[in-house]
1. Taking R0 as 22 Å, what FRET efficiency do you get between Ala14 and Asp72 from their Cβ-Cβ distance, rounded to the nearest 0.05?
2. I need the calculated FRET efficiency for the pair Ser122 and Ser25, taking r as the beta carbon distance and R₀ as 30 Å, to the nearest 0.05.
3. Would you mind getting me the FRET efficiency between Ala107 and Gln1? Use the beta-carbon distance for r and R0 = 22 Å, nearest 0.05.
4. Give, rounded to the nearest 20 debye, the magnitude of the charge dipole that region 46-122 has about its Cα centre when Lys and Arg contribute +1 at Cβ and Asp and Glu contribute -1 at Cβ.
5. So if a site counts as exposed when it's one of the trypsin sites (Lys or Arg not before Pro), its DSSP state isn't H, G, I, E or B, and it has at most 15 other Cβ atoms within 10 Å, what's the longest stretch of the chain without one?
6. Around Phe37, with a cut-off of 10 angstrom between Cβ atoms, what is the net charge of the other residues, counting Lys and Arg +1 and Asp and Glu -1?
7. Rounded if a/c is under 1.5, else prolate if a/b is larger than b/c, else oblate: which is region 25-69, with a ≥ b ≥ c the root eigenvalues of its Cα gyration tensor?
Amino acid sequence: QVQLVESGGGLVQAGGSLRVSCAASGSTFSTYAMAWFRQVPGKEREFVAGVVSGGSTRYADSVKGRFTISRDGAKRTVALQMNSLKPDDTAVYFCAARREPLVTIPAGYYYWGQGTQVTVSS
């Protein structure tokens, strides 16, 4: 069993930066693929970024070059650094975990955090 707790998020102006973090409990964190998804009302949850235990990452085209995902195995945390934010990045951001390999569909994840709101004003 894995529990995920997000922190960070908030309100930022377009062009600004924000960092969201996710703390994971459970002894098998090192074997899990970790990902961030986001969702806006009325739309499906979408993949943002993911990272596997070996450090390889994957990003949605919409955030490439602006967002960076990282994980700290010792602290059991995964973070998403978001730069050059746009109003279209406004969403609830969710941390998710599953046994590797990394996948980009929400249905592939077993564990989810409660979500944290990110709002980018124009």
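Values quoted throughout were computed directly from the atomic coordinates according to the rules given, and no laboratory measurement underlies them. Values in this document were obtained by computation on a predicted structure and should not be read as measured data. In this analysis, Cβ positions are derived from the backbone assuming ideal geometry, glycine residues included, and neighbour counts consider all displayed protein chains.
1. After rounding, the FRET efficiency stands at 0.15.
2. Rounded to the nearest 0.05, the efficiency is 0.20.
3. For Ala107 and Gln1, the calculated efficiency is 0.70.
4. My answer is approximately 260 debye.
5. 76-122
6. 0
7. oblate
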